[in-house]
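The values are calculated or read from the model by the stated rules, or taken from the named source; none is laboratory data. Since the model is a prediction, treat every value here as computed from it, not as a measurement. Neighbour counts are summed over all protein chains in view; Cβ atoms, including those assigned to glycine, are modelled from backbone coordinates with ideal geometry.
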Amino acid sequence: MRNSFDAPVESLTPESVLDIIKDFHRQQCFHDPEAEPDIHLSFESTIEEWRQACDWLDCKPLGRALNERFGVNFSDNEWHDALEPSNQKTLLGVCELIATQGERFAIKPLNIFGGNCREAGVYIALRSALKKAGVPMEKVKPSSRLEPLLINHWGVISDEVGKIAPGVLPSVEIKGSFFQRLGIGLLFAGPLLAFLDWIWGPTGITLFAIAFGGCGALLLAVSSGMKPKSVSFENLETFGDLCSRVSESTLRNESG
């Protein structure tokens, strides 16, 4: 059997790049309140619309982020030509540019005991992609639970699965650490107390409102780098579950 580094690669097409971009946006909408779920991206979408949909950065940092995300190496000038003016340039130009260099690991069924096993091919492709992205995969087997990997690397896993099989992952559920949740609670408590003080007249709780809000903001800032308490994808418990979901979905897409 091939080892975990033997998954073949395939060149991206403008269509596959667009599918990946749309899946990044879909996943972002599950956890980022700044993302705009009602904006539907297409080749005709302007860069300005794309930025609004994903709360994207300005030209130079956006181009560099795309270099990292797609594993390509375009200069700031090349990105400027593709992204500006943002109200005129469209996603078609971005997708065409990325497709000239972009690659992803391909799913190729493995021959096991004389038969082609698609899930084994998915397993090899996902392991290869995640390993390359820096996720420790040496001890990960199909029976391994997903949550320990997700707590430390859920963003990378979401991105890499989205490249190989856009649209496959269900919504992500993230539960923050105790301090993150406490910070959010205090942050909301501050304005609530201030509103009650305004409704009831001077009650002496304004200082408490300010203190609660300040403590909440401070806790969120301090805990921003902490690991979440839990991260999960609906109905995916093990790495094998993820491989099965990818296998079934990509097979339906190929058949359709």
Test of understanding: among 122, 168, 94, 161, which residue is outside any helix (DSSP H, G or I) and of a type in the set (Val, Ile, Thr)?
168
Hits in segment 47-66 - residues which are within 19 Å of residue 99 (Cβ to Cβ) and out of contact with any Gly (no Cβ under 9 Å at 6 or more places or on another chain):
50, 62, 63, 64, 65, 66
Look through segment 64-79, keep the residues that are part of a helix (DSSP H, G or I) and under 15 Å from residue 21 (Cβ atoms), and return whichever of them is nearest to the chain's Cα centre (by Cα).
69
Residues to consider are 64, 51; find the one that is over 26 Å from residue 137 (Cβ atoms) and in contact (Cβ under 8 Å) with a residue 24 or more places away in the chain.
51
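Let's see how each residue does on (1) in the same structural domain as residue 130 (by TED's automatic domain parsing); (2) out of contact with any strand residue (DSSP E or B) (no Cβ under 6 Å at 6 or more places or on another chain); (3) surrounded by fewer than 17 Cβ atoms within 10 Å (Cβ to Cβ); (4) not hydroxyl-bearing (Ser, Thr, Tyr):
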| position | (1), (2), (3), (4) |
| --- | --- |
| 16 | no, yes, no, no |
| 20 | no, yes, no, yes |
| 27 | no, yes, no, yes |
| 38 | no, yes, yes, yes |
| 42 | no, yes, yes, no |
| 47 | no, yes, no, yes |
| 52 | no, yes, yes, yes |
| 58 | no, yes, yes, yes |
| 72 | no, yes, no, yes |
If we keep just the residues of segment 54-79 that are of a type in the set (A, V, I, L, M, F, W, C) and closer than 19 Å to residue 163 by Cβ, which is modelled with the lowest pLDDT?
56
For residue 82, which of the numbered conditions (1) buried (at least 16 other Cβ atoms within 10 Å of the Cβ); (2) part of a helix (DSSP H, G or I); (3) at pLDDT below 95 fails to hold?
(3)
